[in-house]
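Taken together, the values in this text are just the output of simple stated rules run on the coordinates, not laboratory data. Keep in mind the model is a prediction, meaning the values are calculated, not measured. FYI the Cβ positions are ideal-geometry reconstructions off the backbone, even for glycines, and counts take in every protein chain you see.
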Amino acid sequence: MRSHDSSICSLCQAPSYPVIWEDNAFRIILINDQSYPGYCRVESIEHFKEMTDMDPSLRNRCMSIVFEVERILRFFLRPDKINLSSLGNITPHCHWHIIPRYKNDNHFPLSIWSNKKRRGSRELKKGDQDKLIQLIRIALDQ
Ligand SMILES: [Zn+2]
C-alpha cells in the first residue's frame, strides 16, 4: 500500500494547486480549471491504491469529506449536476474529483475527459473563489 518511492509520484510532491484544507490523512485542492471553476479534488496523503485498502473508518472519513465538498459546491455554485469520479490509474493515492457541471459546459453531457463538444470558459471571480474556500474550511473544521 504505502510505497516509499515518492520521488516519482506526483501526488507525493507539494501540490501544484491551492490546498483548501488538509488534515493528517486527506487534503482538498482546488483545481484551477478555467472551464470548471470550483472543481475540487479530495486526495489521500498516504498511498492507498484502492478505497478498500483503507480501514473502514478512514474510508468513511474520505467519503464524508467528498460529500461535504459536494454539498457546498451545490449550495454555492448551483450547478446542473455534480460529477464524482475516482479513477486513480496513474498515482496510488485514492482521490475523488468533485466537478460542478452545467448543461452548456464544454463537455456536457459527457465526462470532462471526453472530446470537447463546445468551447467556452467560465470564471469564478476571485472574491467568490475565496468565499468558496472559506465555506469548505468552515464546514470541515467543525
Ligand atoms: Zn505518492
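Contact order normalised by length for the chain, with contacts defined as Cα pairs under 8 Å and 6 or more residues apart; what percent is it?
24 percent
Just checking the chain: which Cys have no other cysteine's beta-carbon under 4.7 Å?
Flagged as lacking a Cys partner: CYS40, CYS62, CYS94.
Could you pull out the trypsin sites (Lys or Arg not before Pro) across region 75-110 that fall in loop regions by DSSP (anything but H, G, I, E, B) with no more than 14 other Cβ atoms inside 10 Å?
LYS103
Give the residue from LEU30, GLY120, TRP96 lying farthest towards the positive end of the charge dipole for the chain; charges sit on Cβ (+1 for Lys and Arg, -1 for Asp and Glu) and the dipole is referred to the Cα centre.
So the residue furthest toward the plus end is GLY120.
Is there a quick way to get the dipole size of the chain? I mean about its Cα centre, with the Cβ of Lys and Arg at +1 and of Asp and Glu at -1; what is the value in debye to the nearest 20?
Approximately 840 debye in magnitude.
Of all alpha-carbon pairs in region 54-121, indicate the percentage at a distance above 13 angstrom.
The answer is 69 percent, as a whole percent.
Send over the Kirkwood Rh of the chain, from the inverse of the averaged 1/r over different Cα pairs, rounded to one decimal Å.
15.8 Å
Which pairs break 29 Å Cα to Cα here: LYS49/LYS103; LYS49/LYS131; LYS81/LYS125?
LYS49/LYS103; LYS49/LYS131
Quick one: MET54, MET63, fewest Cβ neighbours within 10 Å first, how do they rank?
Least crowded to most crowded, the residues run MET63, MET54.
Write out the chymotrypsin sites (Phe, Trp or Tyr not before Pro) in region 61-142 meeting two conditions: DSSP loop, and at most 13 other Cβ atoms within 10 Å of their Cβ.
In loop regions of region 61-142 (DSSP not H, G, I, E or B), the sparsely surrounded chymotrypsin sites (Phe, Trp or Tyr not before Pro) are TRP113.
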